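What follows is a single structure, written as structure tokens, with notes after it.
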Amino acid sequence: MTTPEFTSNRDNFCYRHPDRQSFALCQRCMRTICPECQTQAPVGVICPECMNADRKNRTPAQKKAARRWRGGGATMAMTRGGKPVVTYALLAVTSFIGLVQLIPGFKEPIIQALGFFALFLYPNLFAVPFEPWRLLTVLLVHGSFIHLALNMLALWMLGQSLEPMLGRTRYLALYLISGLGGSVMVAILAPDSWTVGASGAIFGLLASLLIIGRHIGANVTGILVILGINLAFGFFVGGISWQAHLGGALVGALVALILVKTKRREQRTLQIVLLSAVVVLLIVVVAFVPPLILLS
């Protein structure tokens, strides 16, 4: 509750919205601002006027630093004007296949053709064809419309932030490698189960947002809570591949760590080598570990 003294003091109300009480001050001009007028700054929040003045007064070096990810600078920030084209493409392709699955008679054949089943990786051990592409095509098929809608909503929300920040190529690599990590974890922990959905890649994006946010000094508590709740949810609710969630999250976090540690232009070759090493490691693991489990 507020006291009469508080409500009678006009300094306790937003200077742009006099009817809105607030306890937050702009860290530049020290005027009171409501949540609608707040823009997160490195320390505290600032008002719209101070934000506009800050943008106008940026030096060429500061403007260059703001393009640090797309230009290969030394730090990380959001880039402007770049539409998340890769996100839109992933949404379009995955949604199209998901909608085709809704046509009577198409759902099961598509799942049988594109879903992940670890035994298809080991033709020498089982009487099945060798179809390694299932490690990634699993990202395109879903078990139900709700499953598809939730994953596509998460992809759209996460892609809006991550793709402009990382750039299209890095973002696509993060998505695909995370999805691969989810499939590999399924092959290790649940090799005899069918899996569908882009959840492994989605969890990779979510975990990467946690790593990148922590790197730039953002408050990542909310992301950590969401990630933890969703991971835990898969352990207690049947029909959810928590193995894919776990694998995608772990690999996504690792890929994000590589990206933030090798973001300078002169480190581009090292970045490619490290990402390639992650892919090779995942392939080696999925080639040798699940057969030992299946045959034990």
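The values are calculated or read from the model by the stated rules, or taken from the named source; none is laboratory data. These numbers come from a predicted model, not from an experiment. Here Cβ is always computed from backbone atoms with ideal geometry, including for glycine, and neighbour counts include all displayed protein chains. Keep in mind that these areas ignore ligands, DNA and RNA; they rest on the heavy atoms of the full protein, side chains included. Shrake-Rupley method; radii C 1.70, N 1.55, O 1.52, S 1.80 Å.
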Handout entry: Condition check for GLY200: closer than 20 Å to LEU180 by Cα and modelled with pLDDT under 80
Key = no
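Could you pull out the residue among GLN40, GLN27, GLN62 that is modelled with pLDDT under 60 and open to solvent by 80 Å² or more (accessible area, probe 1.4 Å)? Spell out how you get there, then give the answer.
Working: GLN40 fails: modelled with pLDDT under 60; GLN27 fails: modelled with pLDDT under 60.
Result: GLN62 is the single residue among GLN40, GLN27, GLN62 that is modelled with pLDDT under 60 and open to solvent by 80 Å² or more (accessible area, probe 1.4 Å).
Just wondering, is there one or more residues in the range 75-83 that are more than 25 Å from TRP194 (Cβ to Cβ), at pLDDT below 95 and of a type in the set (Lys, Arg)?
Taking the range 75-83 first, the residues more than 25 Å from TRP194 (Cβ to Cβ) are 75-83.
Still in the list and also at pLDDT below 95: 75-83.
Those left that are additionally of a type in the set (Lys, Arg): 80, 83.
The answer is yes; a qualifying residue exists.
Would you tally the residues in the range 106-127 being in a loop (DSSP other than H, G, I, E, B) and either closer than 22 Å to GLY239 by Cα or open to solvent by less than 40 Å² (accessible area, probe 1.4 Å) (or both)?
Going residue by residue through the range 106-127, those that are in a loop (DSSP other than H, G, I, E, B) are 106, 115, 117, 122-127.
Cutting the leftovers down to either closer than 22 Å to GLY239 by Cα or open to solvent by less than 40 Å² (accessible area, probe 1.4 Å) (or both) gives us 106, 115, 117, 122.
Residues in the range 106-127 being in a loop (DSSP other than H, G, I, E, B) and either closer than 22 Å to GLY239 by Cα or open to solvent by less than 40 Å² (accessible area, probe 1.4 Å) (or both): 4 in total.
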Exercise for the section: Using the structure shown, decide if LEU270 is assigned to a helix (DSSP H, G or I) and either under 21 Å from the mean Cα position of the chain (by Cα) or under 25 Å from ALA198 (Cβ atoms) (or both). Expected result: no
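Would you call LEU176 open to solvent by 40 Å² or more (accessible area, probe 1.4 Å), within 13 Å of the chain's Cα centre (by Cα) and within 25 Å of TYR122 (Cβ to Cβ)?
For LEU176, the condition - open to solvent by 40 Å² or more (accessible area, probe 1.4 Å), within 13 Å of the chain's Cα centre (by Cα) and within 25 Å of TYR122 (Cβ to Cβ) - is met.
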Handout entry: Unique residue being modelled with pLDDT of 95 or more and of a type in the set (Ser, Thr, Tyr) when the list is SER276, SER241
Key = SER276
Problem - Close pairs (7 angstrom Cβ cut-off, 6 or more residues apart or separate chains): under 23 Å from GLY143 (Cα atoms) and part of a helix (DSSP H, G or I) in the range 218-247, modelled with pLDDT of 80 or more and among the β-branched types (Val, Ile, Thr) anywhere - result: GLY234/ILE240; GLN243/VAL186; ALA244/VAL186; ALA244/THR195; GLY247/VAL184; GLY247/VAL186
